Amino acid sequence: MENATANNWRVEIVEKGPIGTICYYEDSKVASFEWEFGGGNAIAIIHGGSAPEWSEKYPWAADRRLEILERVGNEAIRQKAKTSTATLDEKSGIILLRSQI
């Protein structure tokens, strides 16, 4: 069953040169990640964090880590990289945005 707050979320991407932050907001809670531009066909690398890191930093969302990381990857594509695809490494929580071109 989907969490009651699942429809009340948003993603904000902040650029600071070749790096930045991504904030996932859900009601009054926030999870924050770092990202950096990639090289080659890698457009960007988003550092989402491992499961143990999530349990410590975001206990309110620990059981939905993969769901939230998928949302972040999809929103990064929608907002900043429409011609890319996202690949999520479930263990490390790294999201790799790659060019489709």
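Using the number of other C-beta atoms within 10 angstrom as an exposure proxy, rank R78, R98 with the fewest first.
Working: R78 10, R98 17.
By the 10 Å Cβ count, ascending, the order reads R78, R98.
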222 nm [θ] for the chain, helices only, -39500 (n - 2.57) per DSSP H run of 4+, per residue, to 500?
-7000 deg cm²/dmol
Among all lysine pairs in the chain that are eight or more places apart or on different chains, how many have alpha carbons less than 25 angstrom apart?
9
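Grab the beta carbon distance between A42 and L66, set R0 = 30 Å, and tell me the FRET efficiency rounded to 0.05.
On the way: r = 21 Å, r/R0 = 0.70.
For A42 and L66, the calculated efficiency is 0.90.
How large is the dipole of the chain about the Cα centre if only Lys and Arg carry +1 and Asp and Glu carry -1, each at its Cβ, rounded to the nearest 20 debye? Show your work: numbers first, answer last.
On the way: 12 positive and 15 negative charges, 63 e Å.
Charge dipole, the chain, about its Cα centre: 300 debye, nearest 20.
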Assuming 0.36 nm per residue, please report the length gained on full extension of the stretch V30 to T85 beyond their Cα-Cα distance.
17.4 nm
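The numbers here are math on the coordinates, done by the rules we state, and not lab data. The shown structure was predicted, so the numbers you read here are calculated from the model rather than taken from an experiment. Please note: Cβ atoms are built from the backbone with ideal geometry, for glycine as well, and neighbour counts cover all protein chains shown.
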